[in-house]
Structures are given as C-alpha cells and as structure tokens.
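In what follows, a single structure is set out as structure tokens and then discussed.
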Amino acid sequence: MRTSLLMCCCVLALLWLQSARCLPVRGHSHFKATPVSEKFPDLKKRGKVSHAQDVMKDESLSNNTRDAWNRPRCGVPDFPSQKGVHYRGRQRQRRFVLYGGRLNKMDLTYRIVRFPWQMSDEKVRRVFQEALKIWSDVTPLTFTEVHSGKADIRVDFTRYWHGDDLPFDGPGGILAHAFFPRTHRQGDVHFDYDESWTLGNHMGTDLLQVAAHEFGHVLGLQHSREPGAVMSAYYTFSYPLKLSEDDRRGIQFLYGGHPQVLPSPSPPPPPPPPHPPYNPESNEIPTIPDACHTDFDAVSMIRGELFFFKSGYVWRIRDGHLESGYPALASRHWRGIPDNIDAAFEDKSGNIWFFQGENYWVFDAEMQIQAPESMRSLGLPVSGIQAALRWGHDSNYNTYFFKSGSYWKFSPRENRVDSIYPRSMQDWIGIPEDVDAAFRDIYGYAHFIRGRQYWKFDPVAMNSLEGYPRYVGMDFFSCRTA
C-alpha cells in the first residue's frame, strides 16, 4: 500500500514538473513558476520529488526587471533562504544551497554516451575534462572517463522526448538538465542535441559554462545566490572559467577540501605590471605602446571579446571597456607565439590562429595544438599576410587573408585556400588596398584597420559605411585626441 501511494506521489510530481519546468510560452516571453513548496507542500516536506532537474532557458520578466532577468537561466525552483552558518567563528549568511545529498564516493567515473555534431569528439572530451576539473581542483574528488559499461555520471546529447518525461524543445528554450544525488536517475546529465553548442564565443551556447553548472548539480549543489557564481541560476559567459568563493565553499561543504589546497585568508595582491619583452640584440627594454598613439599588428574577436596586439602586448576589451590588468604580455595567454604577429583570427570551432612571416600557430583556448607550421601548407603562394578575417555566410571558405591589395578565401576545415590566385581588394568597396588588421564584430560588421584609423564594412550593402574612417584610439580606448 505504501509503495503504491509513493508511486502515485512520484507520478503527480512528474506531471507537475512537466507543466512548470520553465518552458517558454509561445506568443509571449513572460515567465512565472510556482515553487514546489506551494504546489505540493507534502512532497517537498517529505523530500519525495524524484525528478529534480536542471533546465536552462531564456526568459524575460516585467519591464522593471527586464534588464536583469532577460538572460538564460536554470529552471530548477530556487530553494528558500537559509539561516546563517558559522565560518571560522564568524556569523555569515550562506549563499550556496545544497540539494540535500551527496555522492557516496570520491573517485567517480563518467561516460559520454553521444556527442554533439558541432564539435569533434576529442574537443568535447576536453571540454568535459575542464568542466570537471574546476570541481576536482578544490575537493578530493577525481573523475575518470570510461568508454563502456556503467559510470557514476552519464552524459548524453539527445532530442525531444528521451525517456525521462523532461523533453527538450529543439533550438532555444531548454538547453540541458541534470539529476541530483539520491534520486532514481542520479548522475544523469542531458544536453539538447539541437542547440548550437560552441566553445568560448557568443555565436551559440557555450558548452563549458553549461557543463560546469550541470556537474555542480550532479554533485549535490542547488543554485547559489551569489551573482556570477558558476552555480548561479543565471547563465553567464565568462572566461576563463573559475569557481567563485561561494561555489568553492558549497562543494567543500559536501566533500571537503583538496588535500593539497590550503585555505587562503585573503585574496592575493594584484600581479605586478608585466615586464616588457627583452631584446637581446639591442640590449634595450622597449616601453609599452600607448594605445592612443600607436598602430596595431593584429586585431581579433576571441571568445566574444576584442583583442588588440602590438609588439608582444595585448589589450583586451569586453563589453566596450578595457579590462583591468591590460595591456599584458600576449604570451600570458598563448605561450609560444612570437612577439610581433601579422594576423590572428578565431575559427568557427573556437580555435585561435596566429600568423607571422612564413609560419602559423593554432591554439585551443590557451593550449597550443599546432605550431609552428608553414603557411605554404595552406596553399598560400605568399607569406607575411597583413590581416585575417572570419566573415560571410560560406559555411566552408569563410576566412579571408589580406596582403598588398589582394585577398584569398580560406577554409579552416579543409586547411586550404580555395585558389592560389588572389582576388582584388576592389571587391571591398571603400576599403583601402593595404590594411594592417581586420575583425568582425558581434553584429556581423567587418572592421578594417590601417594605421590608427578603421573602416566599418556593411555586410548587406557590401560597402564601407558613411562617416568612416574613424580613429581606433578614440572609439575603442576612449582617447581624448587622435
């Protein structure tokens, strides 16, 4: 009798979760979810909700809160506020929230059942390794991938109805869901196969950010109230990915600290300014270039942020503002690239290409995967290209190399130019023949830089916009004068 009653309660809970799991409503974007405690108080009190899932979605609320809430978020109901707990003798408000259980072992295995089509299997494996590593770096947990048999954590990319009564809905809407410890599907993590999964850019949904969040739920963490935390209910795009102090406290509350990780009483002081590159031939230490009064070697949109390169240094612009700590040595991010690069671009799969002279280098994030290679292997009849640009709608040959009034179309997938014969820069109406750098912004406009000025190219009218050229320093670095 008790078993039948329990099964009936679970079925009711499933039906309620299916109807209130934050699905976007067709026709308008208003969202409101009834908390579990209001809908089924007895189930919540007794802890019998067996399908605790994590659903990422787009939503927007009233006009008063639209700016703050019109972002993808996790659809699991946020638990009520917790009472204060003690940390080292002081009373503090705990922001992290626990689901109520933890896995009963420290050495965990995981298995990837199916892969997304947008990335190679090897790249997906590296993404999941990195997403799990942020949790193992601060706990005694270990994660080992297995390729067959049973695993503690099972990762799958699937579509629509897939056997757990929590169907996906195609592109957009629900991105992923996960199951907490001590539920009948503990360890399962499902990603929507139909989403546009990417790595490190704004062209789709970043797999690393979502995976790290979902793994936190699998380990037993609910949503954090700390803005910007990995376990925050709101999806954020942030590189490099790292746990907040609140994330760390939450996971260590469940599993303890890493044996080799000592707690730091206070954050370390900011790093000193980078030392300028040393020139052994002249025995001189060059000064850091002034962004307001210099040209640039290369410019590229990388991971959704704009990077300017000059003489071994890099400036990093996010959301229109120069990040603190920059300019910095480019080798801080990409160890092994030369001090003076000719061009750079990020391909569709998220790999970053750097060019200098007759050679090129390829990085996956900050890990070198190919270098140095001869540009002749790409089919280019020239070396020392002046600019590289990923732009246009061609799914294959979507990258352009520029030099001395000519350009070539290149396919990173095929690793070849489409022809050894160059095309004329006259195809780019209003753009000077010789350019120093080029990049595409998040709106699809191409920008061409020569000296300290730049031109903006309209992808629809296929010509330079009126009012250009403008000065790079004034528009990108808030310089008062050119």
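Pick from GLU358, GLU366: which is surrounded by fewer than 22 Cβ atoms within 10 Å (Cβ to Cβ) and over 23 Å from ILE442 (Cβ atoms)? Explain how you work it out, then say what you get.
Numbers: GLU366 fails: over 23 Å from ILE442 (Cβ atoms).
The match here is GLU358.
Working only within region 469-479, note down all residues that are open to solvent by 30 Å² or more (accessible area, probe 1.4 Å) and not in a strand (DSSP E or B).
From region 469-479, those open to solvent by 30 Å² or more (accessible area, probe 1.4 Å) are 469-471, 474-478; that's our starting set.
Listed by number, the residues that qualify are PRO469, MET474, ASP475, PHE476, PHE477, SER478.
So which residues in region 320-351 are closer than 19 Å to PRO240 by Cα and either polar (S, T, N, Q) or not in a loop (DSSP other than H, G, I, E, B) (or both), if there are any at all?
Across region 320-351, the qualifying residues are HIS321, LEU322, SER324, ALA328, LEU329, ALA330, SER331, ARG332, PHE345, GLU346, SER349, ASN351.
Tell me which residues, restricted to region 362-412, are in a loop (DSSP other than H, G, I, E, B) and of a type in the set (D, E, K, R).
Filtering region 362-412 down to residues in a loop (DSSP other than H, G, I, E, B) leaves 365-366, 379-386, 391-398, 404-405, 412.
Listed by number, the residues that qualify are GLU366, ASP394.
Select from region 441-468 the residues that are open to solvent by less than 50 Å² (accessible area, probe 1.4 Å), touching a Phe, Trp or Tyr at 6+ places or on another chain (Cβ under 8 Å) and not small (Gly, Ala, Ser) and list them in ascending order.
HIS447, PHE448, ILE449, TYR454, TRP455, LYS456, PHE457, ASP458, PRO459, LEU465
The values are calculated or read from the model by the stated rules, or taken from the named source; none is laboratory data. Computed from a prediction, not measured in an experiment: that's the story for all the values here. Neighbour counts are summed over all protein chains in view; Cβ atoms, including those assigned to glycine, are modelled from backbone coordinates with ideal geometry. Side chains are part of the model used for accessible areas, which takes the heavy atoms of the whole protein and leaves out ligands, DNA and RNA. Shrake-Rupley method; radii C 1.70, N 1.55, O 1.52, S 1.80 Å.
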